[in-house]
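The values are calculated or read from the model by the stated rules, or taken from the named source; none is laboratory data. Because the structure is a prediction, the values reported are computed rather than measured. Here the Cβ positions follow ideal geometry from the backbone for every residue, glycine too, while neighbour counts run over all protein chains shown.
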Number of protein chains: 2
Amino acid sequence: MDQQANRLLSDITIIDLTRVLSGPFATMWLGEMGANVIKVEIPGTGDESRKNPVFVNGISSFFITENRNKRSITLNMKSEEGKELLKELVKKGDVLVENFRPDVMERLSLSYEKLAEVNPRLIYCSISGFGSYGPYTKRPAYDVVSQAMGGIMSVTGEKGGEPLKVGTSIGDIAGGMNAIIGILAALHYREVTGRGQRVETSLTDSVIALMQPENNRYFVTGKVTPRTGNHYPANCPYGTYHAKDDVFMIGCGKDDLFAKLCEKVLERPELAKDERYSTISARVAHYDEVGEILENWAADYTAEEVVEKLLANGIPASPILSIAEISKDPHFAGARQMFPKIDQPGVGEFTVTAVPIKFSGAEVSPQRPCPALGEHNEEIYGGMLGLSPEKISELKEKGVI
Amino acid sequence: MDQQANRLLSDITIIDLTRVLSGPFATMWLGEMGANVIKVEIPGTGDESRKNPVFVNGISSFFITENRNKRSITLNMKSEEGKELLKELVKKGDVLVENFRPDVMERLSLSYEKLAEVNPRLIYCSISGFGSYGPYTKRPAYDVVSQAMGGIMSVTGEKGGEPLKVGTSIGDIAGGMNAIIGILAALHYREVTGRGQRVETSLTDSVIALMQPENNRYFVTGKVTPRTGNHYPANCPYGTYHAKDDVFMIGCGKDDLFAKLCEKVLERPELAKDERYSTISARVAHYDEVGEILENWAADYTAEEVVEKLLANGIPASPILSIAEISKDPHFAGARQMFPKIDQPGVGEFTVTAVPIKFSGAEVSPQRPCPALGEHNEEIYGGMLGLSPEKISELKEKGVI
């Protein structure tokens, strides 16, 4: 947690009004890339996700995960003095990020237009469930709603089964990633033009954009991609199959790979010449038989052994891993350093998931632990805005901060 | 497709060596944000995904979708003259993106180090299955392998069922999004320091990063999040339920929302006071009974009617949509303009999926249709590098371009 290292965004100050997941995730990554992130929270309660389980020593581990790299100040933006303080912060900031419901900032008279008056270079980024305009703009939106309406559930699930959601908050995370892309692109444009602007993304639009290869198939054929579990209707063997103890993934689409599979792994070279299996379309026509041949062979080995044998012969394959294995894996945890530790006050050593991008000329790693509510009021209001200790005490007493 | 509009990245030239999905997707979005993308392809064959189905008038619709906004040149990077030409392009470029297997560019003597010698401001971005170092770096990696090893399959699927892949190429797309983030952050850093650098991401690391809320839960509890279909073990009713014709999603986690559901929608206010249902933990303990109550009611209505009734009473709910509905939806297709059309030579009007980020001060929209193989050889080699028509003919005859 070396704050002095060369960092990509160390000249950028972010005023972070976000709560829960999509927004905090975005500013956490920006912080990991070096940005100076000031998290602005409601006095007394703070970001509601401070109450999200699972707790460690009374602190929300969810909150720690998504709010490292930030300093926290409290601010009541409903009060007149609070609004003025926000504008002072905006004058010194480069980026403001918010993920309130679309009309909240307008009702507070803190819309982009108002804030751009005090800082025309401001980049103002909004993240919401459905975006700031359009018929659904006021609908409540959770991650599950963005998954349901964005199309990803319609193509996920067993063959013949019901639509399934993805087991992580893919709408929130993709929305956060798009907010980062939008902010960085707007920063570049500001460098060129000198002007800030408003940037917005929505969770549901973000899910729709994840679906572009499937969307394309629909636009061209008029047919919705059916749910097919782990298999592809147009290739074989390509998907998951059973070994003795567990399932494994194989991607053996090409004919020359299949010939190698038959000869070197199954030790049944005649199969590759059998007209039922020699071409992709023949194997697809005999999908179940190919699966039976493969699983009969694999029944003698563990999934780990199967994958080893396939990889040794150049056939794409992998185990299905969970975080229990990934977090101990020599590649992911070791070489790729995907799980750095932070030193969290009140908790101790705490493992997080890294930004999955490596830079040869800059350090990307946790800068700070997650802050206590209002921990940096003195530092920011005193140091950055220059308010006296008396003024800060007064603001506290009035409930402004 | 107005090339004169204010665009975020119109001062940036990208030398794009990528193929198939993750890389082409990344440069396609960068092109949509205005970058000048020069797609470098193998003479004669080009990007292998030019052969990916589904075809429209003989052209791969997959390829069009991921390669709009680019110009195409051909280049044989194995020839000495080809390497020199690539270096001339790199001198004029800002960013190079490649998604070969990790050792390919080194074997061609076109590693970051070599190219940084001719242009120290170059940002060189690599995307691969497992990254350029670590024990698995040489493993073959497809999207399905990144899903299998990144953990997302382990948490996706029915309760008690097998791990399931996400129905879109989430590893490829997330890897592409991380490449964009890396490139934009490095551009900012170059603006500050004057220096380029190497950036890299991997499909599998990208999937692991999507999983951070679930990873956190494991790090804190030591337990892997189980597969639970569309439901959450800790909240109720929160997930999908059946109406007369179809399933719908409801997110009615809080007690006050549940009370409203009972009173206003189910018209059974006594249920909210029943100690079996009055609190989240009580409802979780009676999960199946709550589901039965809800589905008994919903059996009289279509999913659309159910969602309408729930939303009218402020209870988060949604239908499960597929692209068939999304692409005709007044919000997504109408207001949010998620499906712009390009005019593709040889095809005509062709629908694509937009970048899901809106900018108030810059236009983000398709710039160009997708190019034919080598379509812009004269324009780039002649115009940008200043080669004579004779030299270009000679290079073509020798198979260098």
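Considering B:Ile59, B:Ile38, the condition of being within 23 Å of B:Ile173 (Cβ to Cβ), away from chain A (no Cβ under 14 Å) and more than 15 Å from the chain's Cα centre (by Cα) is satisfied by B:Ile38 alone. Residues that are within 7 Å of another protein chain (Cβ to nearest Cβ) and in contact (Cβ under 8 Å) with a residue 40 or more places away in the chain were ranked within segment B:142-156; the one that is surrounded by the fewest Cβ atoms within 10 Å (Cβ to Cβ) is B:Val155. Of everything listed in (1) over 23 Å from B:Pro24 (Cα atoms); (2) part of a helix (DSSP H, G or I), the single unmet condition for B:Glu378 is (1). Within segment A:344-358, one or more residues are free of Cβ contacts under 8 Å to residues at least 12 places away in the same chain and under 25 Å from B:Ala185 (Cα atoms). Give me the pairs: first residue in segment B:186-206 and in a loop (DSSP other than H, G, I, E, B), second residue among the charged types (D, E, K, R), beta-carbon distance under 8 Å, and six or more apart or on different chains, which are they? Matching pairs, first to second residue: B:Gly194/B:Arg121; B:Arg195/B:Arg121; B:Gly196/B:Arg121; B:Gly196/B:Arg190.
Being surrounded by fewer than 20 Cβ atoms within 10 Å (Cβ to Cβ), of a type in the set (A, V, I, L, M, F, W, C) and in contact with a helix residue (DSSP H, G or I) (Cβ under 8 Å, 6 or more places away or on another chain) is the filter here, so list the residues in segment B:349-386 that pass it. The answer is B:Leu373, B:Met384, B:Leu385.
When the criteria are applied in full, B:Val306 meets the requirement of being β-branched (Val, Ile, Thr), in the same structural domain as B:Glu295 (by TED's automatic domain parsing) and out of contact with any Lys or Arg (no Cβ under 6 Å at 6 or more places or on another chain).
Screening A:Lys328 against (1) assigned to a loop (DSSP other than H, G, I, E, B); (2) touching a residue at least 40 places away in the same chain (Cβ under 8 Å); (3) within 29 Å of B:Ile208 (Cβ to Cβ) leaves a single unmet condition, (2). Tell me, please, whether a residue that is within 11 Å of chain B (Cβ to nearest Cβ) and charged (D, E, K, R) can be found in segment A:6-24. Scanning segment A:6-24 turns up at least one residue that is within 11 Å of chain B (Cβ to nearest Cβ) and charged (D, E, K, R).
Within segment A:123-135, can one find any residue that is touching a His at 6+ places or on another chain (Cβ under 8 Å), in the same structural domain as A:Thr204 (by TED's automatic domain parsing) and buried (at least 24 other Cβ atoms within 10 Å of the Cβ)?
yes
One residue stands out in segment A:68-107 among those that are within 19 Å of A:Asn36 (Cα to Cα) and acidic (Asp, Glu): the one that is surrounded by the fewest Cβ atoms within 10 Å (Cβ to Cβ), namely A:Glu88. Is there a residue being in contact with a Lys or Arg (Cβ under 7 Å, 6 or more places away or on another chain) and of a type in the set (D, E, K, R) anywhere in segment A:334-346? No, segment A:334-346 contains no residue that is in contact with a Lys or Arg (Cβ under 7 Å, 6 or more places away or on another chain) and of a type in the set (D, E, K, R).
Residues that are buried (at least 16 other Cβ atoms within 10 Å of the Cβ) and over 20 Å from A:Tyr133 (Cβ atoms) within segment B:326-348 comprise B:Ile342, B:Gln344, B:Val347, listed in sequence order. Restricting attention to segment A:183-237 and to residues that are touching a Phe, Trp or Tyr at 6+ places or on another chain (Cβ under 8 Å) and of a type in the set (Gly, Ala, Ser), the residue that is nearest to the other protein chains (Cβ to nearest Cβ) turns out to be A:Ala185.
Per the listing B:Tyr301, B:Tyr277, the residue uniquely more than 14 Å from every other protein chain (Cβ to nearest Cβ), surrounded by 17 or more Cβ atoms within 10 Å (Cβ to Cβ) and either of a type outside the set (Phe, Trp, Tyr) or over 29 Å from A:Gln212 (Cα atoms) (or both) is B:Tyr277.
Counting only residues that are hydrophobic (A, V, I, L, M, F, W, C), facing another protein chain (nearest Cβ under 7 Å) and either under 23 Å from B:Thr27 (Cα atoms) or in contact with a Cys (Cβ under 7 Å, 6 or more places away or on another chain) (or both), how many does segment B:157-182 have? So the answer is 5. If only residues of segment A:41-56 that are within 14 Å of chain B (Cβ to nearest Cβ) and touching a Ser or Thr at 6+ places or on another chain (Cβ under 6 Å) are counted, the one that is surrounded by the most Cβ atoms within 10 Å (Cβ to Cβ) is A:Asn52. Is at least one residue of segment B:103-125 free of Cβ contacts under 8 Å to residues at least 24 places away in the same chain, farther than 14 Å from B:Ile183 by Cβ and part of a loop (DSSP other than H, G, I, E, B)? Looking through segment B:103-125, at least one residue is free of Cβ contacts under 8 Å to residues at least 24 places away in the same chain, farther than 14 Å from B:Ile183 by Cβ and part of a loop (DSSP other than H, G, I, E, B). When the criteria are applied in full, A:Phe258 fails the requirement of being out of contact with any Phe, Trp or Tyr (no Cβ under 6 Å at 6 or more places or on another chain), among the aromatic types (Phe, Trp, Tyr) and within 14 Å of chain B (Cβ to nearest Cβ). Here B:Glu308 does not fit the description of being touching a strand residue (DSSP E or B) at 6+ places or on another chain (Cβ under 6 Å), acidic (Asp, Glu) and either within 14 Å of chain A (Cβ to nearest Cβ) or closer than 16 Å to B:Gly239 by Cβ (or both).
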